[in-house]
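Peer 1: Below is one structure. I have some questions about it.
Derivation of every value follows stated rules applied to the coordinates shown; laboratory data play no part. Note that the structure is a prediction, hence the values are computed from the model and not measured. Glycine gets a Cβ as well: all are built from the backbone with ideal geometry, and neighbour counts include every protein chain shown.
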């Protein structure tokens, strides 16, 4: 019996760890699903201007949701935030404000070229830059280590996938026109060349957000020392960054409202569904962020090697399934779809390689 009991305890511990990891993986999948579908309601919001939809989305995702989650799950963490290092708070606010303009560019790009292509390219570019820029800016010596070489190789594969998807989009535009199959998509269609500049800007500023989140970790460390768990402590950083990002987002939206005299559209007859769908865009996106935040602590060291590529892959597949299902590629030639699917397959391989490189 003296041998059996420790063996049983060890097995129980292993089972508990496996159950926790499985829960983390399922949450990572859910995060990917939410990230893949969050722009779907924009397809049915053509009665409103883009700035009406985006302002409601931002208030829901960047203001109400973070504050609500912190207040409900860890109300005591507010006091930790007040006493957190001022330098880290300043970094979170500054980089969050910069990221807000990237969010504007992403929202515009979805209206410009559709759900599947915009989501695919933004996810790919932001993940490539998000992996590379922090190393270049924060620890360039890592590039000369084996892990740095693996990351460079994975980013090269990702750039190939981006090129394939971009070419597919150009072929679709050449045969089906700029409008393609937009349905009642909010905003205006634009040539893919213009949209690519938007997407590149969104990707760069998403990487800035990643750097800011890394540099703002003293906030999380202080909250952990004050007794908060990892999920609650990370949410304090998100609250600051998303709140600062909402300022740049809403500032641009208000500028467009003045320019287009579109604030009056909030008072349209039967506007209730438009309010609800616009809020749903924000809640789905915010949900993807906070669900992955709940997944990471459960995955532990597997978070970057399994959880992140799993979430990214699911997001790519879901976003493209939604776009194809809505007919965004209906008038495109079959060859364009083949290029698109080749690009997606390449990006999935790159996501796996990046996860292995991080490990």
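Peer 1: Only residues that are surrounded by fewer than 22 Cβ atoms within 10 Å (Cβ to Cβ) and touching a residue at least 12 places away in the same chain (Cβ under 8 Å): list them for segment 319-331, please. Walk me through it before giving the result.
Peer 2: Step one: list which residues in segment 319-331 are surrounded by fewer than 22 Cβ atoms within 10 Å (Cβ to Cβ), which gives 321-322, 324-327, 330-331.
Of everything in segment 319-331, those that are surrounded by fewer than 22 Cβ atoms within 10 Å (Cβ to Cβ) and touching a residue at least 12 places away in the same chain (Cβ under 8 Å) turn out to be 321, 322, 324, 326, 327, 330, 331.
Peer 1: I've got another one for you. Out of the residues in segment 266-280 meeting the condition of being touching a residue at least 24 places away in the same chain (Cβ under 8 Å) and under 25 Å from the mean Cα position of the chain (by Cα), tell me which one is surrounded by the most Cβ atoms within 10 Å (Cβ to Cβ).
Peer 2: Taking the candidates together, the pick is 278.
Peer 1: Tell me which residues, restricted to segment 212-265, are touching a residue at least 40 places away in the same chain (Cβ under 8 Å) and at positive phi.
Peer 2: Result: 227, single match.
Peer 1: Look at residue 135 and say whether it is crowded, with 23+ Cβ neighbours inside 10 Å and touching a residue at least 12 places away in the same chain (Cβ under 8 Å). If you could, list the steps in order and put the result at the bottom.
Peer 2: Working: crowded, with 23+ Cβ neighbours inside 10 Å: no; touching a residue at least 12 places away in the same chain (Cβ under 8 Å): yes.
Here the answer is no, as residue 135 does not meet what is asked.
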